[in-house]
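Right, one structure below, let's go through it.
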Amino acid sequence: MDAIIDFVFRKKHYQAEMFVEDSEFPCLVFVILHNEELKNEFGEEITVKTDYEALLPKKDDNPALVELRKTIFTIIKNTEKFISAKKKWQGVRLA
């Protein structure tokens, strides 16, 4: 686990664990949901695909899942682990 994140989705507060996989570009962030209601609707794990600036589309996208991914991305992009990974890849892409 890289971090515990707190987020508000559909006017309810939730917590999840996040893992940043930054060994390849684009980055994948795996988010393990803790809430049964969310797990029943979306599954236990949500994958966020990003170029470190924006959310990238995935094959399983649907409006509700995209909304959840956007909400989670807003939070994870401010975490220490994500910022560190972003800096790592910015240096590589500039070279």
Residue ID - surrounded by the fewest Cβ atoms within 10 Å (Cβ to Cβ), chosen from residues in segment 44-74 that are of a type in the set (Val, Ile, Thr) and under 14 Å from Phe19 (Cβ atoms)
Thr47
Hey, Met18 hits all of (1) open to solvent by 60 Å² or more (accessible area, probe 1.4 Å); (2) in contact (Cβ under 8 Å) with a residue 60 or more places away in the chain but one; which does it fall short on?
(1)
Quickly run through segment 60-95 and pick out the residues that are assigned to a loop (DSSP other than H, G, I, E, B) and under 9 Å from the mean Cα position of the chain (by Cα).
Lys77
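The values are calculated or read from the model by the stated rules, or taken from the named source; none is laboratory data. Treat the numbers as computed from the prediction; the structure is a model and nothing was measured. We place every Cβ from the backbone using ideal geometry, glycine too, and count neighbours over all the protein chains shown. Just the protein is used for accessible areas: all its heavy atoms, side chains included, with ligands, DNA and RNA removed. Shrake-Rupley method; radii C 1.70, N 1.55, O 1.52, S 1.80 Å.
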